[in-house]
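Chemist: Can you read through this structure? Questions will come right after.
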Amino acid sequence: MEPQLAKPLETVDWLNSSNPISLESLRGKVVLIEAFQMLCPGCVSHALPQAMKVRQLFNEEDVAVIGLHTVFEHHSAQGTKAALEAFLHEYRISFPVGIDAPSQQGPLPKTMTAYQMRGTPTSILIDRNGYVRKHKFGAEQDMVLGAEIMALLREQQAAPLIETPSEGGHIGCTEDGCVIGGEENEGV
C-alpha cells in the first residue's frame, strides 16, 4: 500500500499549546498522533503513558507527539474542555492535545472519520514528509513503536554521503564507489 499524505487535524481547541497545531507546521519531524478518550481503559493504561515515554525519549526537534481527544461515546461525561483539562493535569500529560471537532452527521468526530479510525486508542505515525506510515488501532509494544520511529528518523539521514574535495583529494562516495583518499588510492 502506497503511503498517503496525512489529512489535516480538524480540531475545535488545543490544550498544552499556546497556538493551534497543523501537521504542515511539523514537516521535517516524525509525528506521533495518539488518538484517545479519557474513559478508554487502554488509552489510560497503555497508549498515553507510551506517548509520554516517546515525548521524553526522543528529541523534540526530531519527533513531535500530539494527542487527539476524539470522543465518540459518553459525550456528557468526557466531552467538555474542563473535564479534559482536569484529566491532562491529573495524569501529567504535557504534550499538545487537540480536541477533535464534532460531526453534524453522526457520533464520530471529524478527524476520527477522516482517518477511518476504528476506535481508541489509535496511533498514527507520520514521516518527515507528511505521509502516514502507520495507522494502528489498539496497544502497541514499546520496542516496536520505538523501532518504527527510529526507522523513520533514519530515512532522511540515509542519503548518500558526498563530501567536497579537500586538499588531500576527493573523499566521499559517488555512484561509482567510495574513495578513501586521493587518486593515489585508486585500485588498492
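Chemist: VAL71's amide H: which non-local residues (gap 5+, or another chain) put their own amide H closer than 5 Å, with H modeled 1.01 Å from N in plane and none for Pro or chain starts?
Modeler: ASP100
Chemist: What's the FRET efficiency of ALA147 with SER103 using the Cβ-Cβ distance as r and R₀ = 30 Å, to the nearest 0.05?
Modeler: 0.30
Chemist: Further question: Explain nothing, just the number: dipole magnitude of the stretch 4-157 about its Cα centre with +1 on each Lys and Arg Cβ and -1 on each Asp and Glu Cβ, in debye rounded to the nearest 20.
Modeler: 220 debye
Chemist: If contacts are Cα pairs under 8 angstrom and at least 6 residues apart, what is the relative contact order of the stretch 4-157 in percent?
Modeler: Once divided by the residue count of the stretch 4-157, the mean separation gives 34 percent.
Chemist: Now a separate question. Thinking of the stretch 4-157 as a set of Cα atoms, what percent of all their pairs are more than 25 Å apart?
Modeler: 21 percent
Chemist: Tally the DSSP beta bridges in the stretch 4-157 and give the antiparallel ones as a percent, rounded to 5.
Modeler: Expressed as a percentage, antiparallel bridges in the stretch 4-157 total about 60.
Chemist: Just report the Cα centroid separation between the stretch 89-111 and the stretch 121-157, whole Å.
Modeler: Using only Cα atoms, the two centres lie 20 Å from each other.
Chemist: So if R0 is 41 Å, what FRET efficiency would ARG92 and LEU5 give, r being the distance between their Cβ atoms, rounded to the nearest 0.05?
Modeler: 0.80
Chemist: Report the equivalent ellipsoid semi-axes for the stretch 1-69 in whole Å, largest first, defined as the square roots of five times the eigenvalues of the gyration tensor built from alpha carbon atoms.
Modeler: Result for the stretch 1-69: semi-axes of 19, 15, 14 Å.
Coordinate-derived values only; no laboratory data. It should be emphasised that the depicted structure is a prediction, and the values quoted were computed from it without experimental measurement. Note that each Cβ is placed from the backbone with ideal geometry, even for glycine, and that neighbours are counted across all protein chains shown.
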